[in-house]
Amino acid sequence: MGYVNVEVTPLPGIGVRKDFAIGNGRRVGVVTQRDGKIELIVSKSDDPDACLASLPLTAEEAGALANLLGAPQLVAQLTEEHRELPGINTKQLPIKTGSPFDGRTLGDTAIRTRTGVSVVAVMRAGQIHPSPTPDFTFTAGDLLVAVGTAEGLEAAFKILKHG
Amino acid sequence: MDHTALELIELGAVFFALGALGRLAGRIGLSPIPLYLVGGLFFGQGGVIPLGDIGEFTQLAGEIGVVLLLLLLGLEYSAAELFTGLKRSWMAGVLDIVLNAAPGAAVALLLGWGPVGALVMAGVTYISSSGIIAKVLGDLGRLGNRETPVVLSVLVFEDLAMALYLPILTAVLGGISFFGGLQAVGISLAVITVVLVVALRYGRYVSAIVDSDDREVFLLKVLGAALLVAGFASALQVSAAVGAFLLGIAISGSTAENATRLLEPLRDVFAAVFFVVFGLNTNPASIPPVLAWAVVLAVVTTLTKVGTGWWAARRAGIGRLGRARAGAALVARGEFSIVIAGLAVSAGAVEGELAALATAYVLLMAVLGPIAARVVEPVARALQRKTAGVTRTATDTP
């Protein structure tokens, strides 16, 4: 894995800016304000000091974005590790708003018993919670990283969606 | 109608009018400060509607407004931020003082207000409005820009300079001799150093004294502590405002954040009263004679602030557009210029014209500042294109 040098700049009276330069030289990062507001920043190409966008995100939105960005990498890593085992797939399964398991535990889903699928990690707000126990409580926006057969994963997806 | 009823009605009318003005300011994207000042001019002495009955209350409320303005300014920065800001930006800070205090002092001397008037006007033109600037940077989505830390560290330096300047000013306004003035400076330097060290090492103990899980208890304790410290500081001739500011610095961490959140609405109310009281005590008829000087000062100090920001940003390795943005962002003057002028006026040590000049100046700068921050980018880009075009035609022609 490549090394990303995140620059942390204090903004006195406002918060902290954390950003890094991506391959083409532009900066990507976040400004975290003292009151918890998060802004996603992307620098302009013709004026590297300025920001093209400065998008205010709620904590949930920031978490969802972090999952979108982080989960594929985790899944790719797991898929890579399972490559020698044909028939085993790794997939991301979302807990969407309105899912019957929003606020309930992994044990409640009984996914393992019903489909043979194992939940190996949960991505929440950009954080990985590896090997969740049956009492792990889901909330909307969580991304489950599950390993199993293709059919099993399909069934698990439906269970999480409809109960 | 009895006295209390009349007072309540007047006070209610003032607050309601201020609310309406604040809403108007928000609509047109302005800081409400100039409109509060205009509101104050409108009421009161020589204004359209004189207010007699609530003078005592508004006077005290205005004083509380100053204490809260400075307390929240202190809360805004932790001692560690002040130290790093000082280390990183002292050169830009010194340039800032030289460039921006000089025009105010020069005009005061030209108008024959003497060294005291010069000291006051130097402060008025020097200090940028961190409130207006932080808001504008947020509104324009510039928090993530690379020049923004430069702008903020200049503001941090200015606030430290205020902590030194206010006790000196208080001493001078109090008519203390030159030697006494030096003593006041010595005392305040020592006190500030002690407070900064205490805040850095033992900030959590200070925070623990005022902290509480109960909002009501917390609010009362913080407010009480601020007024106590301000009062004692004032009794010791160190300036109430500085006392509150230093208390703000000493309170740190999550306590500071909670205190800021709780006190902000209170500060807004009392600070609004303070601006109105300042406007009330300024006779609108005294403004036209000094208006030309206010315009001169506005033009000169806009250029000097842009110069300060440009220089500071260039030192930090920021490109031309960023330098222009940093300069323009610093232009706004506001609450603290009025605090300084207010101290001078209430001490009775300066001419009434000074209040008029300060009012007119802040009216101009509080409006001009956000506009400058907004238009600087298109203007700088247009200029850049023009010069780029010129060089291209120059090279094109053989």
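Quick look at the values:
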| read-out | value |
| --- | --- |
| Residue within segment B:103-120 that is more than 18 Å from the chain's Cα centre (by Cα) and closer than 28 Å to A:Lys37 by Cα present | no |
| Subset of segment B:336-354 (residues that are in contact with a Ser or Thr (Cβ under 7 Å, 6 or more places away or on another chain) and buried (at least 24 other Cβ atoms within 10 Å of the Cβ)) | B:Phe336 |
| Flag if A:Ala121 is crowded, with 16+ Cβ neighbours inside 10 Å and either in contact with a helix residue (DSSP H, G or I) (Cβ under 8 Å, 6 or more places away or on another chain) or of a type in the set (Ser, Thr, Tyr) (or both) | yes |
| Segment A:104-118, subset of a type in the set (S, T, N, Q) and surrounded by fewer than 21 Cβ atoms within 10 Å (Cβ to Cβ), residue nearest to A:Phe138 (Cα to Cα) | A:Thr105 |
| B:Ala356 vs. criteria of a type in the set (Gly, Ala, Ser), outside any helix (DSSP H, G or I), under 19 Å from the mean Cα position of the chain (by Cα) and within 23 Å of B:Leu18 (Cβ to Cβ) | no |
| Hits in segment B:283-322 (condition: out of contact with any helix residue (DSSP H, G or I) (no Cβ under 6 Å at 6 or more places or on another chain) and within 14 Å of chain A (Cβ to nearest Cβ)) | B:Arg315, B:Gly317, B:Ile318, B:Gly319, B:Arg320 |
| Qualifying residue in segment A:54-63 (condition: among the acidic types (Asp, Glu) and either within 9 Å of chain B (Cβ to nearest Cβ) or more than 15 Å from the chain's Cα centre (by Cα) (or both)) | no |
| Segment B:77-94 residues that are surrounded by fewer than 15 Cβ atoms within 10 Å (Cβ to Cβ), paired with ones that are in a helix (DSSP H, G or I) (beta carbon under 7 Å, 6 or more apart) | B:Trp90/B:Phe157 |
| Which numbered condition B:Gly186 fails, given (1) without any contact (Cβ under 8 Å) to a residue 60 or more places away in the chain; (2) surrounded by 24 or more Cβ atoms within 10 Å (Cβ to Cβ); (3) over 25 Å from A:Leu11 (Cα atoms) | (2) |
| Test: residue in segment A:27-47 that is without any contact (Cβ under 8 Å) to a residue 40 or more places away in the chain, more than 30 Å from B:Ser254 (Cα to Cα) and hydrophobic (A, V, I, L, M, F, W, C) | no |
| All positions within segment A:131-163 that are farther than 20 Å from A:Thr79 by Cβ, without any contact (Cβ under 8 Å) to a residue 40 or more places away in the chain and assigned to a helix (DSSP H, G or I) | A:Lys158 |
| Among (1) in a helix (DSSP H, G or I); (2) at pLDDT 90 or above, the one test that B:Arg381 misses | (2) |
| Residue that is nearest to the other protein chains (Cβ to nearest Cβ), among those in segment B:129-145 that are among the aliphatic types (A, V, I, L, M) and not in a loop (DSSP other than H, G, I, E, B) | B:Ala134 |
| Complete set of residues in segment A:64-105 that are within 18 Å of A:Ala156 (Cβ to Cβ), within 17 Å of the chain's Cα centre (by Cα) and not charged (D, E, K, R) | A:Asn67, A:Ala71, A:Leu74, A:Val75, A:Leu78, A:Thr79, A:Thr90, A:Gln92, A:Leu93, A:Pro94, A:Ile95 |
| Residue within segment B:152-162 that is under 30 Å from B:Arg325 (Cα atoms), within 11 Å of chain A (Cβ to nearest Cβ) and in contact with a Cys (Cβ under 9 Å, 6 or more places away or on another chain) present | no |
| Residue match in segment B:117-128 (condition: assigned to a helix (DSSP H, G or I), within 14 Å of another protein chain (Cβ to nearest Cβ), out of contact with any Cys (no Cβ under 8 Å at 6 or more places or on another chain) and of a type outside the set (Phe, Trp, Tyr)) | no |
| Set A:Gly70, A:Gly15, A:Gly29, A:Gly87: member being of a type in the set (Gly, Ala, Ser), more than 19 Å from B:Ile318 (Cα to Cα) and within 14 Å of another protein chain (Cβ to nearest Cβ) | A:Gly15 |
| Residue list for segment B:334-353, filter: under 23 Å from B:Thr302 (Cα atoms) and assigned to a helix (DSSP H, G or I) | B:Glu335, B:Phe336, B:Ser337, B:Ile338, B:Val339, B:Ile340, B:Ala341, B:Gly342, B:Glu353 |
| Answer from B:Leu86, B:Leu95, B:Leu41, B:Leu99 - the residue that is over 18 Å from the mean Cα position of the chain (by Cα), in a helix (DSSP H, G or I), under 24 Å from B:Gly123 (Cβ atoms) and at pLDDT 90 or above | B:Leu95 |
| Residues of segment A:17-38 classified as closer than 21 Å to B:Gly74 by Cα, in contact with a Lys or Arg (Cβ under 9 Å, 6 or more places away or on another chain) and in a strand (DSSP E or B), total | 1 |
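The values are calculated or read from the model by the stated rules, or taken from the named source; none is laboratory data. A quick note: this is a predicted structure, and the numbers were derived from the prediction, not measured. Positions of Cβ are generated from backbone atoms using ideal geometry, with glycine treated the same way; all protein chains shown enter the neighbour counts.
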